[in-house]
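So that we are looking at the same thing, I have put the structure below in structure tokens.
The values are calculated or read from the model by the stated rules, or taken from the named source; none is laboratory data. Since the structure is predicted, the reported quantities are computational estimates derived from the model, not experimental observations. Virtual Cβ from ideal backbone geometry, glycine too; neighbours counted across all protein chains shown.
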């Protein structure tokens, strides 16, 4: 009975190992697809109709003139299901032979391929757009012999400033505290430790306005209520997508025109655009210098004039083009 049990156990083990071996066995096959680069550095794969095959020995073919992104190839080799890679982008595939193929599937004749040249060009564009948002930062600065005195005085004036800018800015104004500090002020003496002479409290308030006609009014109201420092005033574009798209399109056209100029200088033409990378497209905030000295006295005589100019939105792209010289 015991011998029979051991015999059955051995038979089961053989069957089980056979099934596992079949599940993980290498498979020989030929695939057709397009060469693509992978996320992993120096990695390549073949993108077929239904699967992606990660080339384990891509270095073997990198010296071939046709080995580049986008080339249609036919490759023969074995899958390696037990191979583990960092990103597992495709089925691990050990290639034994690979060749480029034409659009109809026939082998391409590499000897008759044109002498193609790749160029890298950059395109830039700057457009102007009218800002739709103003950001004003005002501050209340108070000093006192005691920390409590500076803090309380600042709290009273800051509360008055916040109420004043909310009333003058209207419902669309966004008002928030953007900074607060309470620091001792020192007297420095030679060869002696510094002495605290007073305390300074600073409360910064940021006002965001969509109605640009109220910028001067808000600054005047804040100054009259107790703000004694206008730290920054800038204009920006909150809804910047249309302007960014326009700048990006113009930068791309500029890059393509550069590639065409190079091709013409070489006596050829651009056959295709291999890659386009956006380097950046953003509005450049337009700061406004606002002198703060004597601001309260000036408010009593005339409203603050604010001139709003245009913003510059810049975009840059880098483009890789393939050029075929004239035969």
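Mind counting the residues in region 246-260 that are surrounded by fewer than 13 Cβ atoms within 10 Å (Cβ to Cβ) and over 26 Å from residue 128 (Cα atoms)? Even if it seems obvious, please write down each step before you answer.
Going residue by residue through region 246-260, those that are surrounded by fewer than 13 Cβ atoms within 10 Å (Cβ to Cβ) are 257.
Restricting the remaining residues to those that are over 26 Å from residue 128 (Cα atoms) gives none.
The qualifying residues number 0.
Matching residues to (1) more than 12 Å from residue 203 (Cβ to Cβ); (2) out of contact with any helix residue (DSSP H, G or I) (no Cβ under 8 Å at 6 or more places or on another chain); (3) outside any strand (DSSP E or B); (4) outside the structural domain of residue 210 (by TED's automatic domain parsing):
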{"site": "149", "(1), (2), (3), (4)": "yes, yes, yes, no"}
{"site": "153", "(1), (2), (3), (4)": "no, yes, yes, no"}
{"site": "159", "(1), (2), (3), (4)": "no, yes, yes, no"}
{"site": "162", "(1), (2), (3), (4)": "no, yes, yes, no"}
{"site": "168", "(1), (2), (3), (4)": "yes, no, yes, no"}
{"site": "175", "(1), (2), (3), (4)": "yes, no, no, no"}
{"site": "178", "(1), (2), (3), (4)": "no, yes, no, no"}
{"site": "183", "(1), (2), (3), (4)": "yes, yes, no, no"}
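Something else now. When residues of region 210-243 are filtered for being in contact with a strand residue (DSSP E or B) (Cβ under 9 Å, 6 or more places away or on another chain) and free of Cβ contacts under 8 Å to residues at least 60 places away in the same chain, how many remain?
Qualifying residue count for the region: 3.
Something else: Residue 246 is checked against (1) touching a residue at least 60 places away in the same chain (Cβ under 8 Å); (2) not assigned by TED's automatic domain parsing to the domain that holds residue 312 and fails just one. What number does that condition carry?
With respect to (1) touching a residue at least 60 places away in the same chain (Cβ under 8 Å); (2) not assigned by TED's automatic domain parsing to the domain that holds residue 312, residue 246 is out only on (2).
Going by the conditions given, is residue 325 over 19 Å from residue 124 (Cα atoms), surrounded by fewer than 16 Cβ atoms within 10 Å (Cβ to Cβ) and modelled with pLDDT of 70 or more?
On the way: over 19 Å from residue 124 (Cα atoms): yes; surrounded by fewer than 16 Cβ atoms within 10 Å (Cβ to Cβ): yes; modelled with pLDDT of 70 or more: yes.
Yes: the conditions hold for residue 325.
Which number in (1) modelled with pLDDT of 50 or more; (2) over 30 Å from residue 275 (Cβ atoms); (3) not in a loop (DSSP other than H, G, I, E, B) marks the one condition that residue 5 misses?
Only one criterion is unmet by residue 5, namely (1).
Please go through region 48-61 and give me each residue that is more than 11 Å from residue 94 (Cα to Cα) and either at pLDDT 85 or above or not assigned by TED's automatic domain parsing to the domain that holds residue 100 (or both), ordered by number. Don't jump to the end; show me each part of the working.
Filtering region 48-61 down to residues more than 11 Å from residue 94 (Cα to Cα) leaves 48-52, 59, 61.
48, 51, 52, 59, 61 - these are the residues of region 48-61 that are more than 11 Å from residue 94 (Cα to Cα) and either at pLDDT 85 or above or not assigned by TED's automatic domain parsing to the domain that holds residue 100 (or both).
Among the candidates 76, 71, 83, single out the residue that is farther than 27 Å from residue 321 by Cβ, out of contact with any helix residue (DSSP H, G or I) (no Cβ under 9 Å at 6 or more places or on another chain) and modelled with pLDDT of 85 or more.
None of the others qualify; the one that does is 76.
Let me ask you something else. Could you grab me the full set of residues in region 197-239 that are at pLDDT below 90 and surrounded by 19 or more Cβ atoms within 10 Å (Cβ to Cβ)?
Selection gives 237 alone.
Given the structure, is residue 111 modelled with pLDDT under 85 and under 30 Å from residue 265 (Cα atoms)?
Against the criterion (modelled with pLDDT under 85 and under 30 Å from residue 265 (Cα atoms)), residue 111 qualifies.
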